[in-house]
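Data first, discussion second: the structure below is written as structure tokens.
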Amino acid sequence: MSPTSSPSHLAAPLPGSSLSAARRTRDLARTVGGPTVDVLVVGLGATGAGAALDAAARGLTVAAVDAHDLAFGTSRWSSKLIHGGLRYLASGQLDVAHESAVERGVLMERTAPHLVCAQPFVLPLTPLVPRGQAALAWAGFRAGDGLRLAARTARATLPGPRRLSAVETRNLAPALRTDGLRGGLLSWDGRLTDDARLVTALARTAAAKGARILTRVRALELTGTGARIRDELTGEEGEIRARAVINASGVWAGELVDGIRIRPSRGTHLVLRAERLGPLPAGMHIPIPGETNRFVLVLPQGDGRVYVGLTDEPVDGPVPDVPEVPETDIGFLLDVLGSVLDVPVHRADVVGAFAGLRPLLDTTPTGSGEESRTADISRRHAVLTSPDGVVTVVGGKLTTYRRMAEDAVDAAARSGRLHAGPSPTASLPLVGAAAPARLATPPAPRRLVRRYGTEAAAVQALAVQHPHLRDLVLPNHPVTRAELLWAVRHEGALDAADLLDRRTRIGLVTEDRAAALKTTEEILGEALAGQG
């Protein structure tokens with residue numbers, strides 16, 4: 001759907017974009033053991049779904065598989081921020097910083113303005129922030145605004161930084177301790193409504209371009225000409241033949257291709273009830289003691305919850321499907337948070353926690369004995385082609401998924417000798433996208449528009465047609481039953497975990513997940529029965 005689509009198109013999904021159990025069955029049957037596709041993508045996080053869209057948008061035939069669900073891995077565990085590259089500028093990675101700023105502008109102004117908005121942040125100037133550090137932070141925010149300008153992102157999209165008085169700082173972050181507070185620094189960055197929703201939009205847009213999006217399909221073995229796979233729902237094995245193969249499996253990339261060494265870094269977030277911190281018109285940057293360029297972020301979510309994160313700790317050993325959160329991470333984040341709050345947050349106030357593993361490429365020479373902090377490893381992405389032609393894309397960050405996907409498809413086209421033109425994805429709107437001015441006059445409640453864009457009216461129409469779908473899934477969470485039905489019909493959700501843990505984020509709080517499970521299973525059964 002283009003940003004100029006007429007209002008008459010708002011009550012139906014983009015043609016060809018709907019993902020469902022029935023479509024999965026059809027696409028799987030014609031892919032496994034079927035004709036050779038141009039590109040096989042393994043992994044359906046942001047980069048993999050982005051690569052599937054990029055290749056399909058260039059006119060290539062595409063199959064994309066994931067052993068689990070859309071956004072099952074790292075892509076659902078982020079801070080939900082679309083960074084402008086300030087941190088990389090501070091560490092001298094000018095190219096990475098500029099790339100981040102450009103990609104932030106692409107998302108906010110062209111491809112996903114319904115999912116990415118401007119987020120204000122306050123850095124409180126407490127007695128723990130020396131004046132020298134405050135001056136350095138202010139210079140950094142000014143430089144970050146220079147990155148915005150260099151990336152040609154409009155001032156209307158991202159306001160500039162400014163200094164705040166102590167009163168203004170408290171108005172934006174009322175939970176702050178007043179003793180010694182001498183003001184604050186206000187800055188702006190991009191923020192996703194939900195990272196998993198971005199991946200879903202990418203996958204559906206790719207499907208609209210003809211890509212076959214196949215979840216619950218595990219790649220058992222990769223070669224430059226395809227993969228041996230297993231349908232995780234039936235246990236049946238088969239082969240997908242392809243002219244080019246892209247390994248976008250993130251922290252699991254080294255398990256599929258020899259010679260790829262990943263050094264995972266764990267990023268942990270806490271989940272708090274919003275009432276615990278009171279009104280938060282802005283997020284917060286809280287400096288980590290002893291660090292000049294690292295902060296703990298306080299991120300209000302608009303759904304009655306607040307995230308506090310994040311850590312950057314190396315992880316050794318086998319990579320789990322879902323990383324566990326150690327108590328040491330929780331204690332660290334609570335300590336930093338407590339350094340600025342008027343009333344401390346206790347361990348009992350933490351109603352949930354999640355951790356993601358960043359797929360950082362380990363470039364340390366084997367046997368060198370050298371080791372650096374994962375916080376210091378470059379966030380540049382790498383595209384590597386194995387001797388038999390498998391293209392692996394690793395590293396990078398959520399903000400630059402589109403550029404990573406483009407580079408991976410470029411490499412795959414060379415490896416497979418495919419005839420493909422340049423990538424069009426920098427100007428290709430995702431499902432639900434529309435011009436920001438049009439989104440400002442929503443056809444449905446604002447919360448739905450921030451999640452579904454132009455499709456919000458269609459989600460709302462379900463509740464009009466079926467009154468029982470108007471009900472909330474939980475009294476203390478804004479998700480409605482209509483949203484669950486939409487996710488099964490159009491977003492590829494196959495079970496209750498897909499609905500609770502990825503299409504919505506109800507499952508981040510164990511108590512909420514348990515309370516919502518029965519209703520979720522009822523809606524799921526109703527929706528799957530309707531698919532025949």
- Message: Being in contact (Cβ under 8 Å) with a residue 24 or more places away in the chain, charged (D, E, K, R) and in contact with a strand residue (DSSP E or B) (Cβ under 6 Å, 6 or more places away or on another chain) is true for just one of Arg162, Arg182, Arg148. Which residue is that?
- Response: Arg162
- Message: Being modelled with pLDDT of 95 or more, hydrophobic (A, V, I, L, M, F, W, C) and within 25 Å of Pro323 (Cα to Cα) is the requirement here; does Leu494 meet it?
- Response: yes
- When you scan the range 202-232, how many residues do you find that are over 17 Å from Thr61 (Cα atoms) and within 20 Å of the chain's Cα centre (by Cα)? 2
- Note on the structure: Residue set Ala143, Ala137; condition touching a residue at least 12 places away in the same chain (Cβ under 8 Å), over 30 Å from Val449 (Cβ atoms) and surrounded by fewer than 23 Cβ atoms within 10 Å (Cβ to Cβ); output residue Ala143
- Task: Report yes if Leu220 is assigned to a loop (DSSP other than H, G, I, E, B) and surrounded by fewer than 21 Cβ atoms within 10 Å (Cβ to Cβ), otherwise no.
- Result: no
- Can you pull out the helices (runs of 4 or more DSSP H) entirely within the range 1-97 that have at least 2 residues that are crowded, with 20+ Cβ neighbours inside 10 Å, more than 22 Å from the chain's Cα centre (by Cα) and at pLDDT 95 or above? 21-31
- Entirely in the range 385-495, the helices (runs of 4 or more DSSP H) that have 2 or more residues that are touching a helix residue (DSSP H, G or I) at 6+ places or on another chain (Cβ under 9 Å) and hydrophobic (A, V, I, L, M, F, W, C): 401-415, 446-452, 456-465, 481-490
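The values are calculated or read from the model by the stated rules, or taken from the named source; none is laboratory data. Since this is a predicted model, take the numbers as computed values, not measurements. Note that we place each Cβ from the backbone using ideal geometry, even for glycine, and neighbour counts take in every protein chain shown.
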